[in-house]
Amino acid sequence: QVQLQESGPGLVNPSQTLSLTCTVSGDSITTDSTYWNWIRQPPGKGLEWIGDIAYSGRTYYSPSLKSRTSISRDTSKNQFTLRLSSVTPEDTAVYYCARSGYSCWGQGTQVTVSS
């Protein structure tokens, strides 16, 4: 059974950095040909892909968010982490982590950007 779980603060101040960690169980983030995604859904809007980190450690980001996005990993903990800098209320959303092809999802976590 593959499980993904997001963790991190639910409230972030404007201009600060949002940081979320996805912990993976039942699979390895270094499994050949896999990649591990961050996706978000603002209230009343559709899903937006943020970026991913591949099994090799290579990262890919949405062009619209690339300048503010960093994804890293800790293979010893089987975790990968999203950092989104300079956040504004427009970054308020439910944030998800997901496996390749969105085959497995975390439950999602609400992040609100507000002072």
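Assorted remarks:
- Residues of the stretch 25-40 with amide N under 13 Å of the 7 Å Cα→Cβ point at Gln3: 25-27
- Amide hydrogen neighbours beyond the local backbone of Gly108, cut-off 5 Å, H modeled: Glu6, Cys97
- Surface composition of the chain: carbon and sulfur atoms hold 46% of the protein heavy-atom accessible area at a 1.4 Å probe.
- Label point distance in nm, Asp74-Ser19, each placed 7 Å from Cα along Cα→Cβ: 1.0 nm
- Ligands, DNA and RNA are left out, and with a 1.4 angstrom probe the accessible area of the chain is 51 Å² per residue.
- Take the chain and mark each of the trypsin sites (Lys or Arg not before Pro) that is in a DSSP loop with at most 10 other Cβ atoms within 10 Å; the longest unmarked stretch, sites excluded, is 59-115.
- Using bins of 5 Å that start at zero, the share of Cα-Cα pairs per bin across the chain amounts to 2, 13, 24, 26, 19, 10, 4, 1, 0, in whole %.
- The magnitude of the dipole of the stretch 1-65, with charges of +1 and -1 set on the Cβ of Lys/Arg and Asp/Glu and taken from the Cα centre, is near 200 debye.
- Note on the chain: with charges restricted to the Cβ of Lys and Arg (+1) and Asp and Glu (-1), its dipole about the Cα centre is near 160 debye.
- Long-range amide H partners of Val12 with built H, under 5 Å: Thr112, Val113, Ser114
- Longest to shortest principal axis, alpha-carbon extents of the stretch 47-87, angstrom: 30, 19, 18
The values are calculated or read from the model by the stated rules, or taken from the named source; none is laboratory data. None of these values were measured; they are calculated from a predicted model. Positions of Cβ are backbone-derived with ideal geometry, glycine not excepted, and every protein chain shown enters the neighbour counts. The accessibility values were calculated without ligands, DNA or RNA, using every heavy atom of the protein model including side chains. Shrake-Rupley method; radii C 1.70, N 1.55, O 1.52, S 1.80 Å.
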